[in-house]
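Working notes, structure below.
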Amino acid sequence: MVVVWIPSLMRDLTGGRARVSAPGRTVAEVLDALEAAYPGVRERLCPGGRLHPSLAVVVDGRRAPLGLLEPVGEESEVQFVPAVSGG
């Protein structure tokens, strides 16, 4: 199962848990499983079906250039972190 780190502002949806596990082969599939277990997660992370513009996906410690389409392994770790833009 993929381990997902839950941002502190979303832990009200997971009963205060900082990490949860979910199955999936892509970030999108993991998000689907999270939504089934913790309703409301998808709307906070992906309003309108797209990853919130202020967020980036990190899989196994590296920024995921494919975002929700990024493949994950059975023992991957996924984080949703603030997107950093240069200037």
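Most exposed first by the Cβ proxy, i.e. fewest other Cβ within 10 Å, how do E75, E70, E43 rank?
In order of increasing Cβ crowding within 10 Å: E75, E43, E70.
Quick check: pseudo-label points 7 Å beyond the Cα along Cα→Cβ at R50 and E75, how many nm apart are they?
3.7
How high is the relative contact order of the chain, in percent, with contacts defined as C-alpha pairs under 8 Å that are six or more residues apart?
With pairs under 8 Å counted, the relative contact order is 35 percent.
Ignoring everything except DSSP H segments at least 4 long, calculate the 222 nm mean residue ellipticity for the chain; use -39,500 (n - 2.57) per segment, divide by total residues, nearest 500.
The helix-only estimate for the chain comes to -5000 deg cm²/dmol at 222 nm.
Could you check what % of the DSSP bridge pairs in the chain are antiparallel, to the nearest 5?
Of the beta bridges lying entirely in the chain, close to 80 percent run antiparallel.
Evaluate the distance, in nm, between pseudo-label points positioned 7 Å from the Cα of R19 and of W5 along their respective Cα→Cβ axes.
Once both label points are built, they end up 1.0 nm from each other.
Given the C-alpha atoms of the chain, compute the convex hull and give its volume per residue in Å³.
89
Quick note: the coordinates plus some simple rules give every number you see, no bench work behind them. Fair warning: this is a prediction, and the values are worked out from it, not measured in the lab. In this analysis, Cβ positions are derived from the backbone assuming ideal geometry, glycine residues included, and neighbour counts consider all displayed protein chains.
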